[in-house]
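What follows is a short report on a single structure.
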Amino acid sequence: MKRYLLFVAILTSFNVVAQNRMTPELLWKVKRVSALGISKDKQYLVYKVSTPDVGNNSFNSSKYYVNITKGEVRPINNPDSLLSDPTLSADGKFKLSDESVKIKNIIGSDIYPDLPKSNAYVFESLNNRHWDTWEDGAFDHVFLTEVKNPSNKIDLLKNEPYDCPTKPFGGSEDYVWSADGKTVVYVTKKKFGTEYAISTNTDLYAYDVASGKTSNLTEGMMGYDINPSFNQFNQLAWMSMRRDGYEADKQDLYVWNGVSKMNLTAQRDDIHVEGYKWSDDGKKIFFYAPIDGTLQLFEVSYPGLTKMMPMIRQITKGNFDINGIVGQSGNQIIVSRTDMNHAPELYAVNIDDGSMNQLTHANDDFYNNIQLSKIEKRMVKTSDNKKMLCWVIYPPGFDPNKKYPTLLYCQGGP
């Protein structure tokens, strides 16, 4: 009996040690948290939790909503009952969607109908493939559909060999309604072949629902123009890079009021906007951008037609990343936050002082059963007498009296 108890004690001790350090196998047990939106009454955050299923090479997902003020969490089967539908026009008459449309004959069976089994691809120029996806002659197009008469369906890029959503990262954020529901603004790069492959010049196009006419809102702006979004005053914001062919250029935040364009972040050379949301009152924009090796939340005022300069204020500070903005609920901004020890969870940020309240706790039990790493930020003097930021990540249970193998990781880029 004593031997048995000793064996159980040793085995239990071994399991605790084995489970208290991160391993590749444990990493696949981390749940993925993603926001679906804020409820219409601004009281609830709706989100999804996806759990990896390694055996089936898939994810099992569940949806929840949490009271932003009280923190109460409940499951929900129909999140659309709480959320507004951004694909509907303001009057509810039309709906936006996207689907793949065959435009070019690329596959052998398309070019030679008498050879129906031919699966060869015939290219006469670039762009023949983007990473691991071959161009097959089909392009994603935006469609405008009348809700009461679904057969009345208009392809906004009819017969055009261009994509919206854009490839490879574009999604439903690439096309939006104006606040008055009279205009659809969408993102595309109207270039084909080699010209497409070497250019980063996407533009914002406005489709007038009444006339059916399309105009280029960013003509002459030569870099990426992406992520259009309207406030309630029909003022359009988007992110823009300046130079064509330079995909790592500084990304600024622009607003167009129907008369003139304004660069809200031109004043700061160190600001590269990675994502944003209009404030509920439509008078400022919240965005996140890299600073000191982290991603932090900022706000910038939009002065409109006044002669005032846009004012930028950093809201959050700390050794973490704000990597997504869900929206505003009163005096709080709901964001996704992660750090070097934790997967993304959703937080409420106080706009005034940057204090944060964690709303989702999908992985609390997981992290309570493993040791976390100590993280240090260091500034190193370079050979040209400048300061370079370095992160030092210690192994869990680090003992300064011991020697450890070390991995030096150098991040490249501009």
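The values are calculated or read from the model by the stated rules, or taken from the named source; none is laboratory data. Just so it is clear, the model here is predicted, and its values are computed rather than measured. A quick note on method: Cβ atoms are made from the backbone with ideal geometry, for glycine too, and the neighbour counts reach across all protein chains shown. Ligands, DNA and RNA are stripped out before the accessible areas are found, and what is left, the full protein with its side chains, is counted by its heavy atoms. Shrake-Rupley method; radii C 1.70, N 1.55, O 1.52, S 1.80 Å.
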How large are Rg and Dmax for the chain when calculated on the C-alpha trace, in angstrom?
25.3, 88
Could you list the chymotrypsin sites (Phe, Trp or Tyr not before Pro) in the range 323-414 that lie in coil according to DSSP, counting only those with at most 13 other Cβ atoms within 10 Å of their Cβ?
Phe398, Tyr409
The ³J(HN,Hα) series, computed from each phi in the range 32-49 with the Karplus coefficients 6.51, -1.76 and 1.60 at θ = phi - 60°, rounded to the nearest Hz and given as x for glycine or proline, is 9, 10, 9, 7, 9, x, 9, 4, 4, 8, 6, 8, 10, 9, 9, 8, 10, 10
On a 0 to 90° scale, report how tilted helix 2-19 is relative to the longest principal axis of the chain, with both axes built from alpha carbons and the result rounded to the nearest 10.
30
Carbon + sulfur, % of accessible area of the range 121-188 - ligands and nucleic acids excluded, 1.4 Å
48
Could you do me a favour and compute the accessible area per residue for the range 175-318, 1.4 Å probe, result in Å²?
45
For Arg74, tell me the accessible area in Å² from a 1.4 Å probe, rounded to the nearest 10.
130
Rounded to whole angstrom, the alpha-carbon centroid of the range 218-277 lies from that of the range 301-376 at a distance of 22
Could you work out how much longer the chain between Asn67 and Thr338 gets when fully extended? Use 0.36 nm per residue separation minus the Cα distance between them, nm to one decimal.
95.5 nm
Give me the percent of the accessible area of the range 58-97 that comes from carbon and sulfur atoms, probe 1.4 Å, all protein chains in place.
47
Share of carbon and sulfur in the accessible heavy-atom surface of the range 244-304 [1.4 Å probe, %]
44
Using a 1.4 Å probe and ignoring any ligands, DNA or RNA, find the accessible area of Asp280 and quote it in Å² to the nearest 10.
70
Taking amide H atoms as placed 1.01 Å from N in the peptide plane, list the residues 5 or more away in sequence, or in a different chain, whose amide H sits under 5 Å from that of Ala179.
Asn234
Qualifying trypsin sites (Lys or Arg not before Pro) in the range 291-366, DSSP loop, other Cβ atoms within 10 Å at most 14
Lys307, Lys317
Given a Förster distance of 22 angstrom, what is the FRET efficiency for Lys104 paired with Ser215, based on the Cβ-Cβ distance and rounded to 0.05?
0.30
Placed amide H near Glu135: partners under 5 Å, 5+ positions off or other chain
Arg129, His130
If each Cα of the range 56-151 is one equal point scatterer, what is log10 of I(q)/I(0) from the Debye formula at q = 0.12, 0.20, 0.22 Å⁻¹?
-0.77, -1.01, -1.08
For a test of the definition: using alpha carbon positions, the gyration tensor, and the 1.5 limit on a/c, classify the range 182-221 as rounded, prolate or oblate.
prolate
Compute the Cα gyration tensor for the range 276-414, then decide on rounded, prolate or oblate, letting a ≥ b ≥ c be the square roots of its eigenvalues: rounded whenever a/c is under 1.5, prolate when a/b is larger than b/c in the other cases, and oblate in all that remain.
oblate
With every protein chain left in place, what is the accessible area of Leu27 in Å² (1.4 Å probe, nearest 10)?
90
Going down the table (Lys102/Lys189; Lys374/Lys403; Lys189/Lys277), which pairs top 20 Å between alpha carbons?
Lys189/Lys277
How large is ³J(HN,Hα) for each residue in the range 164-180, as worked out from phi by the Karplus curve 6.51 cos²θ - 1.76 cosθ + 1.60 (θ = phi - 60°), to whole Hz, x for Gly and Pro?
8, x, 6, 9, x, 9, x, x, 5, 5, 7, 9, 9, 7, 6, 4, 8
Using amide H atoms built in the peptide plane, which far-off residues or other-chain residues are under 5 Å from Ile76 H to H?
Lys63, Tyr64, Tyr65
J(HN,Hα) series, the range 238-251, from Karplus relation 6.51 cos²θ - 1.76 cosθ + 1.60, nearest Hz, glycine and proline x
6, 9, 9, 9, 8, 9, 6, x, 10, 6, 10, 6, 4, 9
Diffusion constant of the range 338-414 at 10 °C, which comes from Stokes-Einstein with the Kirkwood Cα-pair radius and 1.306 mPa s, µm²/s
99
